[in-house]
Amino acid sequence: MSITLNGKAYKLPEDVSTVQQLLEHLELSKRIVIVEVNKEIVQKDQYDHPIRERDQVEMIHFVGGG
Amino acid sequence: MSMLKIGDKTFQSRLLLGTGKYPSFEIQKEAVRVSDAEILTFAVRRMNVFEPSQPNFLEMLDLSKYTLLPNTAGATTAEEAVRTAKLAKASGLCDMIKVEIIGCDRTLLPDPVETLRASEKLLAEGFTVLTYTSDDVVLARRLEELGVHAVMPGASPIGSGRGILNPLNLKFIIEQSSVPVIIDAGIGSPKDAVYAMELGADAVLLNTAVSGAKDPIKMAEAMKLAIEAGRLGFEAGRIEERDYAVASSPLEGLLPS
């Protein structure tokens, strides 16, 4: 399945079909990260949210700033 | 020294420290530690998911010790700021937000209309709202009337280090305000921080003054001390200024010549 991940085309393996699986696939499940799918925030208790073909996924975090 | 109260939280430290542009994570960690700051600002950005091994400063902190104050920097409209704030809150790590909506790329001065709109929307969403604003006295009052939890007027343009350019406006804002006034942006050296606190500011938010100093760790401590000195001086109540001298030693019992 192909999605757009942080603005870039990204091919997912067959066994990745939820936000949780995507985080694990990207090795981000233990990081501080916020997930948006098609401009909707996916709250932490909803990580079974499905990832579908052509979804626009954003992975967001905190960086240094004033 | 009295405590700082923002929303329903209370703080010992009156220094809010930004986390941008330090020479290294090691220096930054030490600067944060010696500053005694309890509130740290962050920006919300896309992750580099293609290189997830990159270190992240926030993940190095003991988050039980700090209150996170994410900003909406990068937003140019109220709607973008609300999106950023909601993303930050979805981390489950914070419910405070620094509204920062830049309206001019050259001066980085805030857009007053979008800033007001964003503050209103975020208050309706239940955020603890700290709003970065210019030193406009009436805008500060309008923000307070909306119910923001702190107004944060700039001393001078972000990162300029020019210090307090309009102490009179800041004084007016402080005098009229019933919510904390945090002087945010433009602080260059400890004297600026002392001055801000002596004017009666409740706190100071700074970043570049520390991160850009030759020795950020020393400067973090200097700023901490400056803010404490300024606050103590304000609480103590300074003497009135006069044009002519007033002798400190008694005029009675002068020795005969």
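The values are calculated or read from the model by the stated rules, or taken from the named source; none is laboratory data. Source: prediction; values computed, not measured. Cβ atoms come from the backbone with ideal geometry, glycine included; neighbour counts cover every protein chain shown. What goes into the accessible areas is simple: the full protein's heavy atoms, side chains included, and nothing from ligands, DNA or RNA. Shrake-Rupley method; radii C 1.70, N 1.55, O 1.52, S 1.80 Å.
Tally up the residues in region B:203-225 that are within 23 Å of B:VAL99 (Cβ to Cβ) and open to solvent by 40 Å² or more (accessible area, probe 1.4 Å), please. Working first, answer last.
To start, the set of residues in region B:203-225 that are within 23 Å of B:VAL99 (Cβ to Cβ) comprises B:203-211.
Still in the running and open to solvent by 40 Å² or more (accessible area, probe 1.4 Å): B:208.
Number of matching residues: 1.
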With criteria (1) in contact (Cβ under 8 Å) with a residue 12 or more places away in the chain; (2) surrounded by 17 or more Cβ atoms within 10 Å (Cβ to Cβ); (3) farther than 22 Å from B:LYS9 by Cα, B:THR41 comes up short on (3)
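Please work out if B:LEU58 is assigned to a strand (DSSP E or B) and open to solvent by less than 10 Å² (accessible area, probe 1.4 Å). Step through it out loud before you land on a result.
Working: assigned to a strand (DSSP E or B): no; open to solvent by less than 10 Å² (accessible area, probe 1.4 Å): yes.
Criteria not met by B:LEU58.
In region B:116-143, how many residues are out of contact with any helix residue (DSSP H, G or I) (no Cβ under 8 Å at 6 or more places or on another chain) and either farther than 18 Å from B:SER177 by Cα or buried (at least 17 other Cβ atoms within 10 Å of the Cβ) (or both)? If you could, list the steps in order and put the result at the bottom.
Step one: list which residues in region B:116-143 are out of contact with any helix residue (DSSP H, G or I) (no Cβ under 8 Å at 6 or more places or on another chain), which gives B:124, B:126, B:128, B:130, B:138.
In the following step, the residues that additionally are either farther than 18 Å from B:SER177 by Cα or buried (at least 17 other Cβ atoms within 10 Å of the Cβ) (or both) were identified as B:124, B:126, B:128, B:130.
Result for region B:116-143: 4.
Return the residues of region B:130-146 that are more than 16 Å from B:ALA78 (Cβ to Cβ) and not charged (D, E, K, R); say none if nothing qualifies.
From region B:130-146, those more than 16 Å from B:ALA78 (Cβ to Cβ) are B:134-138, B:140-141, B:144-145; that's our starting set.
Selection gives B:SER134, B:VAL137, B:VAL138, B:ALA140.
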Scanning region A:15-66 for residues that are of a type in the set (Asp, Glu), within 9 Å of chain B (Cβ to nearest Cβ) and over 30 Å from B:ASN207 (Cβ atoms) gives A:GLU27
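Does B:PRO112 satisfy the condition of being open to solvent by 60 Å² or more (accessible area, probe 1.4 Å), modelled with pLDDT of 95 or more and either of a type in the set (Phe, Trp, Tyr) or within 29 Å of B:SER178 (Cβ to Cβ) (or both)? Steps first, please.
Details: open to solvent by 60 Å² or more (accessible area, probe 1.4 Å): yes; modelled with pLDDT of 95 or more: yes; either of a type in the set (Phe, Trp, Tyr) or within 29 Å of B:SER178 (Cβ to Cβ) (or both): yes.
When the stated conditions are applied, B:PRO112 passes them.
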Of the conditions (1) touching a residue at least 12 places away in the same chain (Cβ under 8 Å); (2) open to solvent by 10 Å² or more (accessible area, probe 1.4 Å); (3) assigned to a strand (DSSP E or B); (4) more than 8 Å from chain B (Cβ to nearest Cβ), the single one that A:ALA9 does not satisfy is (1)
Across (1) within 13 Å of chain A (Cβ to nearest Cβ); (2) part of a strand (DSSP E or B), B:THR10 clears everything bar (1)
Given the conditions (1) on the phi < 0 side of the Ramachandran plot; (2) under 19 Å from the mean Cα position of the chain (by Cα); (3) without any contact (Cβ under 8 Å) to a residue 60 or more places away in the chain, every one holds for B:GLU80 apart from (2)
Here the residues within region B:1-30 that are open to solvent by 10 Å² or more (accessible area, probe 1.4 Å), closer than 18 Å to B:PRO70 by Cβ and in contact with a helix residue (DSSP H, G or I) (Cβ under 6 Å, 6 or more places away or on another chain) are B:LYS21, B:TYR22
Flagged pairs (Cβ under 7 angstrom, 6 or more apart or on separate chains; first in region B:171-192, within 20 Å of B:ASP8 (Cα to Cα); second β-branched (Val, Ile, Thr) and part of a loop (DSSP other than H, G, I, E, B)) are B:VAL179/B:VAL148
(message) Just to be sure before I move on: is B:ALA73 open to solvent by less than 80 Å² (accessible area, probe 1.4 Å), more than 10 Å from chain A (Cβ to nearest Cβ), touching a Ser or Thr at 6+ places or on another chain (Cβ under 9 Å) and among the small types (Gly, Ala, Ser) in the structure I sent?
(response) no
Taking first residues from region B:14-38 that are under 12 Å from A:GLY66 (Cβ atoms) and second residues anywhere that are among the polar types (S, T, N, Q), the pairs with Cβ under 6 Å that are 6 or more apart or on different chains are B:LEU17/B:SER35; B:GLY18/B:THR41; B:GLY18/B:ASN207; B:GLY20/B:ASN207; B:LYS21/B:SER211; B:TYR22/B:GLN28; B:TYR22/B:SER211
Quiz item: Yes or no: B:ARG238 basic (Lys, Arg) and within 27 Å of B:MET3 (Cβ to Cβ)?
Solution: yes
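Does B:SER64 meet the test of being out of contact with any helix residue (DSSP H, G or I) (no Cβ under 6 Å at 6 or more places or on another chain), assigned to a loop (DSSP other than H, G, I, E, B), closer than 20 Å to B:ALA220 by Cβ and open to solvent by 10 Å² or more (accessible area, probe 1.4 Å)?
Working: out of contact with any helix residue (DSSP H, G or I) (no Cβ under 6 Å at 6 or more places or on another chain): yes; assigned to a loop (DSSP other than H, G, I, E, B): yes; closer than 20 Å to B:ALA220 by Cβ: no; open to solvent by 10 Å² or more (accessible area, probe 1.4 Å): yes.
So B:SER64 fails the test.
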B:TYR132 passes all but one of the listed conditions (1) assigned to a strand (DSSP E or B); (2) away from every other protein chain (no Cβ under 14 Å); (3) among the aromatic types (Phe, Trp, Tyr); the exception is number (2)
